[in-house]
Every structure is written in structure tokens, then in C-alpha cells.
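Okay, structure first, notes after.
Each value in this text was obtained by applying a stated rule to the coordinates, not by laboratory testing. Note that the structure is predicted; figures quoted are calculated from it, not measured. All Cβ positions, even for glycine, are placed from backbone atoms using ideal geometry, and neighbour counts span all protein chains on display.
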Ligand code: F6R
């Protein structure tokens, strides 16, 4: 949720903290702050808004201290303000924190009753007061940190620095991710790898219940809180794969949309292999074992990942005959689902691998003895580490808050899973084609995505027509239904226009009441002979109520949908099972261009964060 970074070394910490915070800004950007342990007196600078503001504010200070911490915030306790921005402090201690302290109210009351004065509304401040109180009671730093951890409930991580720079920087991982990174001049610790500068050559993901003491001479000691002793861990060489930066693109989101053909090409080349003269879908042996043994697949995810899950259900059930259930993770974990360890495989979809509800579902399944498989983008993330098997999305780092290329990778992989599980005869019966033919067509999709990207002018024209509207409806049937949900989510999250997605068949059961003159309705039309005529009648139903009808369909059926549409986009023809991969692109571009026309910060939509590590 929030981004945290710390550095202890022989170089000035400040430039690294600022650069790292800029990279972490996608995790939260309500406010930001740094604390540098200058000899004599620590300096704290905080600002509301982006890290650019913080940089401006810091420019008047010359800070040379080699130990510092920084934070970019996504508010949970208290409004975005300088008082609530981190670092928070108490006595000689400074803290930055990610996650939630669930028993904060009780702790705060006790501390206030004991005379502690709170200057913020944050739960973070309780931690630093507790440690300071422990020190006043005679426990030395950093032991004082360890002593208060049993009092804290929740899933969190924090960094704590002491005003005396000869004291170590302390990092505590109690559920929110943290990584160490080492270089020739010191040690970094941050919520994710993107915050590390190029100088970092080796990294180490911390484990839950690790407490690390980092010294400015580059030494660090990891204490396992569960084992109560030092944990020996091996640093791994940092892969520089996926270099960051927007390059010539105006926004990360646009860059990430444009990267999709290349990303898909790489993904398919890895997963579709020619063996013994035949094309087949291959995953790791653990993932293949897990998939092949499942008699029922349970998919869970949140937001965009949930939408990918619905498409996964449609494809896997139709092609393989294996029953699939799909749930929003936050519902799954509390609705008391019936889990069967002998039949079920729980598949979690999560680009970040850190979404709190999705991880809770994963842990529930593990506790019930149900095997688990994670489809995840971030290698080394909690989902990757905790699931029995992983299929990596291999989309490269995604910085835009709105998921784009990771969604495409999820739906591509779920279609591959369906094809992996599909018996040959069933494939032929359903699709009228052999596996070889289908997989050869799949390998051509990146080219079709490239072609689709070049339809950008048509998309911008539609986006321009959305600037003044207050509601947009999206509808589709079959595999286009989850895409309608996703198209609506993309539009609402970055352009702040109210948008809803519906199954075409649901139109007359309610949503039609919203259609009046000028209301845009976006219809999606896969080249599916069974569904196109039904969608065209749904379109006509909205048209007769005055809808501004936008259709996005396969060029094969252009003559059916174009004449009834106010605006239309014809996409390259492909098998119906692949169409959502193609239509995802104009839906993402539509949201992107609409938000740009409206002048919004596309990469950092209000109130949202990239990684939702709290419930
Ligand atoms: C929307 C979006 C979110 C995420 C959701 C789950 O563009 O990005 O809806 O899809 O927060 O995140 P992950 O996939 O990281 O579990």
C-alpha cells in the first residue's frame, strides 16, 4: 500500500531516498517524507502530494547523513496531511511503516493514559511510542523494538532509525513485503526492488518475522523472530531484467499497453513448445502436476485479476470440461466455501502477489490441505513463495496503477491452461480444429495485437466523445462479458466516469433503464456465430432508447454491427477464444485517452494504489 525505503552506508542517503520514493510512488502518493540521521540532529522533511513536491521542499536542505528512511503514503489512518505523513517520531526514534496495526485504538488509549502525546492520527505513531517507552524503561535499541512486537496485531512492515547514526537501521517484516539490496557503498531495504538504484548488485527478499539490523559499514544481521536466533540467508545476484523508465512514452500506462505484443510474443514462445514435432503447452512440472490432478479448479482474485478469472472459468470449462468456480478473494475468505483437498486446486490470480485478501484465500486453502497455484507477476512475492506452484506472468514491471499488460498475460495464461487441460478429441469437437492448428493461431496473436494498436486514431475519436459524459455502459456475452467488466473498471478508475459492465443478456433485466438519449453503450462482439446476432439485438434495444452506440467487434462481422453503431472499431479476425486478448487493447486505450483528454494523472488515479496489502 505504502512504499518504504531505507539506506545505511557511506554515501549520502538523501539522493537515494528521493529517487527510490519516485519509483515507489505507484504504491501510494497522498504524501511523502524522509528522515536523514545527520550528525548532531536528524532532519525530517514531509510534504502532502507527490514526491516531486517533497523533492522541491528538500532542495533547500543540504543533508549528508549516510543513514535515512523514506516513505510514500496511501492513507489508511487519518487524512493525507503533513502531520500524518511518515516518518513519525518519538524521542530519538523515526519510523516509516506499511500495513495496518489492527489494535491501534487500544494501544493508543493505553499510551495516552500513560502520558504519551500523539501528533498524528496514524497507527504508525503507536509503534514508535511503544519502542521509545521501552527504551525509557531501560531496554536498549534495537532490543526495544523486538520487545514491543508481540503487542502489535496486524500485517505490516516498518523501518526504524535512531538519531544516533552509530545505531543500526532496523527493519521488521510482519507480513508486508520487504527486500534487502546490497552494493559497494551500503545496504538498502525497501518494499520492492524498483526502489533500488542501479548500484545494487545483490538482493534478498525478507521472510515474514524477520527483523534486520543494518549498519552503515554494510554489515547486516537477520534475526528470525519465530526461531529467536540469527537466520542465515544468501543474497542473490540482481537481475537487471525490465529496466524502468517511461522512455519516450508520456505515461507508464501507455508504455505498458504498447509493450503487450512483445510481452505476449515472449510469453507464448516460452509456453508453447514444439516437442516430438508437435506443438504443446508447457508449464513447470509442479504446475502441470497441480493442474492435471485437479478435479475442480477454484479461482480467486480481486479487481482486474478477478475479471481475468471469469474469463479463465469460461475457457477452462468449455475446452477441458474441468469445473471451475471463481470468486472475489474478499468474499471467498469469509463466505465459508466448501473446500475439498481431494478434488480442488486453488488458483490465485494476482499481479503483485501481495494483495491481502488473495493471500488470505491462499492461506485458507493451504490450511484445508488444498493444493495451490499462483499466477503472479512479481517473482519472490508472497504469493509466489507461499503457493505450492507458480506460473509467472512474465509481464515485466508494471508501474501504471491500472493493470494492463498483467491482465493480458493473465488471460493469455488462463487460455493456455485451458488448452493444456483440453483433451484432443474435445478440442476438435468444440473448435473444429486440432491442437496444432489452434496453437499455431495463438502464436500469431502478437501480430494481431500490433495491428490493433495501430487503430489508435479510431479509439481516440471514441475517447473524445466520452469527455463530457457521466455514465458509460459496457456489454458483452461469453468471453466478452468479463472484458465488459474490465473495460468499465479501466474507464472508471482512471477517468472517474461512472461505468458498469454487463452481460448482454442482462440488459433487459435492469441496466436498460439507465439508457436515455446520448448515454454511451460500448458493445463487444467476438466472432462467435451464436452470440453476434444476440448482441446485435441488444444493441438495437439500446439504440431505440437513444444510446450513443459504440461497437468493438471482429472485422468478420463488421457488416452486422457497424451499420447499427454510432461509432465502431473493427478488430483483426481470430478464433473467438482469442478475441478478448485483442479487444483488451482498445478498451485499455479508450480508458487511457479519455483520462488524458480529461487531464487526469493517468498513472496515479486518485484514491487507488498498485498493491493492496490491507483488507
Ligand atoms: C485495476 C487494478 C486492480 C487490481 C487489484 C488486484 O486496474 O489494477 O483492480 O487488479 O487490486 O491486484 P493484484 O492483481 O495485484 O492482486
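Results, tabulated for the structure shown:
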quantity: Projected area, mean over directions - the chain, Cα convex hull, nm²; calculated: 28.5
quantity: Fully extended contour minus Cα-Cα distance, from residue 608 to residue 273, at 0.36 nm per residue; calculated: 116.7 nm
quantity: Spatial separation of Cα centroids for segment 18-78 and segment 136-152, in angstrom; calculated: 26
quantity: Hull volume in cubic angstrom per residue (convex hull over the Cα atoms of segment 477-615); calculated: 124
quantity: Cβ-based exposure ranking for 229, 492, 540, in which fewest neighbours within 10 Å come first; calculated: 229, 540, 492
quantity: Residue 598 paired with residue 62, simple spin-label distance in nm, labels 7 Å along Cα-to-beta-carbon; calculated: 4.7
quantity: Rounded to 5, the percent of DSSP beta bridges in segment 250-443 classed as antiparallel; calculated: 15
quantity: Solution diffusion estimate, µm²/s, Stokes-Einstein, segment 26-114, Kirkwood Rh from C-alpha pairs, 10 °C, viscosity 1.306 mPa s; calculated: 113
quantity: Normalised alpha carbon radius of gyration of segment 404-548 [divisor 2.2 N^0.38 Å]; calculated: 1.19
quantity: Two-decimal ratio, segment 3-237, of alpha-carbon radius of gyration to 2.2 N^0.38 Å; calculated: 0.92
quantity: Rounded tilt (10° steps) of 356-367 against the dominant C-alpha axis of the chain; calculated: 90
quantity: Cα-based radius of gyration of segment 254-338 once divided by 2.2 N^0.38 Å, which approximates compact folds; calculated: 1.33
quantity: Kirkwood Rh in Å, taken over segment 186-300 so that all alpha-carbon pairs contribute; calculated: 19.0
quantity: Calculated FRET efficiency for the pair residue 103/residue 555, C-beta based, R₀ 45 Å, to 0.05; calculated: 0.15
quantity: Helix-derived mean residue ellipticity, 222 nm - over the chain, DSSP H n ≥ 4, -39500 (n - 2.57), to 500; calculated: -11000 deg cm²/dmol
quantity: Segment residue 441-residue 379, length gained on full extension (0.36 nm per residue, minus Cα span); calculated: 19.4 nm
quantity: Percent breakdown of C-alpha pair distances by 5 Å bin, ordered from the shortest bin, for segment 222-366; calculated: 2, 7, 11, 14, 16, 15, 14, 12, 6, 2, 0, 0
quantity: Cα-projected label distance for residue 331 with residue 10, points at 7 Å along beta-carbon direction, nm; calculated: 5.8
quantity: Cβ-derived FRET efficiency at R0 51 Å, residue 498 paired with residue 230, nearest 0.05; calculated: 0.40
quantity: Efficiency of FRET between residue 543 and residue 457 - r from beta-carbon atoms, R0 25 angstrom, step 0.05; calculated: 0.55
quantity: Which of 57, 610 has the fewest Cβ neighbours within 10 Å, and the rest in rising order; calculated: 57, 610
quantity: Sequence of 185, 307 once ranked by neighbouring C-beta atoms within 10 Å, starting from the fewest; calculated: 185, 307
quantity: Share antiparallel - DSSP beta bridges, the chain, percent rounded to 5; calculated: 60
quantity: Hydrodynamic radius (Kirkwood) for segment 82-216, which is based on Cα pairs only, to one decimal in Å; calculated: 15.3
quantity: Crossing angle, helix 456-465 versus the chain [Cα axis fit, 0-90 degrees, rounded to tens]; calculated: 80
quantity: For segment 592-611 versus segment 1-16, the gap between their alpha-carbon centres in whole angstrom; calculated: 27
quantity: Angle between the chain longest axis and helix 124-136 axis [Cα atoms, degrees, rounded to 10]; calculated: 20
